[in-house]
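*Asks:* Pasting a structure here, questions to come.
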């Protein structure tokens, strides 16, 4: 009788063991957006491979991602107003909602409990529970002029805060989320014309909004809100004849390296090196075209730069100590994004128009891998989960 009871129990145990997925960590994983097909691929940087494709994420033509603090879940912000929570271990959509008409990015709170989405339509910021994507707070972006505004440059900040810019109103708002259902708003008006994007320094202290309607950036010291917004880098984009702007630089692509920041010059074929303490220009480096992203290797030695059309087949490498371009690469047509592996031994490039991802060794500049992908754009590795503003 004892043997007859043990046999079925053993069989059940074996079946349960077969059904258990293989255990693995998330630290070497990432996601690439496939913008034309509303899908993402889950990437493995250790083996330089693609693990799975997840479909059904809607319009990803300007999509971005924030990660849960455990790196397991990717929150995908779609252009159609979609907010999708993807389980990158189970390789599936965990939950998806349509929260607005046209969203432009988002952020996750420092404690990982809240996900905020910036909206063009109907404007404003919506904040959701990171677990089930239920609505926690709705912050309409109505400027001092009484009109609704598009929201751009949404980032998380220390002190359980979100910071964002109002494009149409020319304002920066800081939302204190200690009581998520009743955010406390600090509003800064007349910060400059048409802030088109924003970024936060890696230490979480300064929020900078790039201005499309005038030169310079609007700078807010989050340690000292009473000081208000100051103007910095007023020579930003001012030298020489302005060239056509085919694609606006992304401020979250600014490269912060030690006490320096490297940023694309709007309307010029240059990148600017500025002092991150004084926010004054140090140098300008001529580059191959209108720079879009300037991405620093984790050790800060190199900055890899991609470009807008018609030079979007080119990537250049800036050596910071010598302040010179040391390598020009031609990975293919439509290089949209660059991302370093967490410790910088690889750099991954999305080549949209040739439907592939290229992987390079940043020391030898040799191509060390290639993967097929359908119109790839943003590449986001899970190490972002532990960085402020990403």
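The values are calculated or read from the model by the stated rules, or taken from the named source; none is laboratory data. Since the model is a prediction, treat every value here as computed from it, not as a measurement. Every residue, glycine among them, receives a Cβ derived from its backbone with ideal geometry; neighbour counts consider all protein chains shown.
*Asks:* Do you know which residues across the stretch 61-89 are free of Cβ contacts under 8 Å to residues at least 24 places away in the same chain and in a loop (DSSP other than H, G, I, E, B)?
*Replies:* 80
*Asks:* Still on this structure, please answer the following. Any residue in the stretch 298-321 that's on the phi > 0 side of the Ramachandran plot: show its pairings with residues that are surrounded by fewer than 22 Cβ atoms within 10 Å (Cβ to Cβ) and in a loop (DSSP other than H, G, I, E, B) at Cβ separation under 9 Å, as long as the two are six or more apart or on different chains.
*Replies:* Hits for this filter: 300/258; 300/320.
*Asks:* Pull out all pairs, ordered by first then second residue, where Cβ-Cβ is under 6 Å, the residues are six or more apart or on different chains, the first lies in the stretch 194-205 and is at positive phi, and the second is surrounded by fewer than 18 Cβ atoms within 10 Å (Cβ to Cβ) and not in a strand (DSSP E or B).
*Replies:* That search, which allows pairs on different chains as well, returns 194/212; 194/213; 204/158; 204/388.
*Asks:* In the set 298, 321, which member is out of contact with any strand residue (DSSP E or B) (no Cβ under 9 Å at 6 or more places or on another chain) and at pLDDT below 95?
*Replies:* 321
*Asks:* If we keep just the residues of the stretch 61-94 that are modelled with pLDDT under 95 and more than 18 Å from residue 107 (Cβ to Cβ), which is surrounded by the fewest Cβ atoms within 10 Å (Cβ to Cβ)?
*Replies:* Applying the filter and picking the extreme gives 61.
*Asks:* Is it the case that the stretch 165-181 has a residue that's modelled with pLDDT of 95 or more and within 17 Å of the chain's Cα centre (by Cα)?
*Replies:* Yes: the stretch 165-181 contains one or more residues that are modelled with pLDDT of 95 or more and within 17 Å of the chain's Cα centre (by Cα).
*Asks:* For the stretch 243-259, does any single residue satisfy the condition of being modelled with pLDDT of 90 or more, over 23 Å from the mean Cα position of the chain (by Cα), over 17 Å from residue 153 (Cα atoms) and in a loop (DSSP other than H, G, I, E, B)?
*Replies:* Taking every residue of the stretch 243-259 in turn, none turns out to be modelled with pLDDT of 90 or more, over 23 Å from the mean Cα position of the chain (by Cα), over 17 Å from residue 153 (Cα atoms) and in a loop (DSSP other than H, G, I, E, B).
*Asks:* With the requirement that a residue be touching a residue at least 40 places away in the same chain (Cβ under 8 Å), surrounded by fewer than 16 Cβ atoms within 10 Å (Cβ to Cβ) and either under 16 Å from residue 28 (Cα atoms) or within 18 Å of the chain's Cα centre (by Cα) (or both), what does the stretch 339-368 give you?
*Replies:* Once the filter is applied, which keeps residues that are touching a residue at least 40 places away in the same chain (Cβ under 8 Å), surrounded by fewer than 16 Cβ atoms within 10 Å (Cβ to Cβ) and either under 16 Å from residue 28 (Cα atoms) or within 18 Å of the chain's Cα centre (by Cα) (or both), the stretch 339-368 yields only 343.
*Asks:* Before we move on, is residue 164 within 23 Å of residue 224 (Cα to Cα), touching a strand residue (DSSP E or B) at 6+ places or on another chain (Cβ under 8 Å) and outside any loop (DSSP other than H, G, I, E, B)?
*Replies:* Details: within 23 Å of residue 224 (Cα to Cα): yes; touching a strand residue (DSSP E or B) at 6+ places or on another chain (Cβ under 8 Å): yes; outside any loop (DSSP other than H, G, I, E, B): yes.
Against the criterion (within 23 Å of residue 224 (Cα to Cα), touching a strand residue (DSSP E or B) at 6+ places or on another chain (Cβ under 8 Å) and outside any loop (DSSP other than H, G, I, E, B)), residue 164 qualifies.
*Asks:* Filter the stretch 252-295 for residues that are without any contact (Cβ under 8 Å) to a residue 40 or more places away in the chain and out of contact with any strand residue (DSSP E or B) (no Cβ under 9 Å at 6 or more places or on another chain); which is surrounded by the fewest Cβ atoms within 10 Å (Cβ to Cβ)?
*Replies:* Across the stretch 252-295, the extreme among qualifying residues is 277.
*Asks:* Take residue 85 and decide whether it is out of contact with any helix residue (DSSP H, G or I) (no Cβ under 9 Å at 6 or more places or on another chain) and closer than 25 Å to residue 369 by Cα.
*Replies:* Judged against the criteria, residue 85 is not a match.
*Asks:* Here's another thing I want to ask about it. Which one of these is crowded, with 21+ Cβ neighbours inside 10 Å, touching a strand residue (DSSP E or B) at 6+ places or on another chain (Cβ under 9 Å) and not in a strand (DSSP E or B): 192, 159?
*Replies:* Going through 192, 159 in turn, the sole match is 192.
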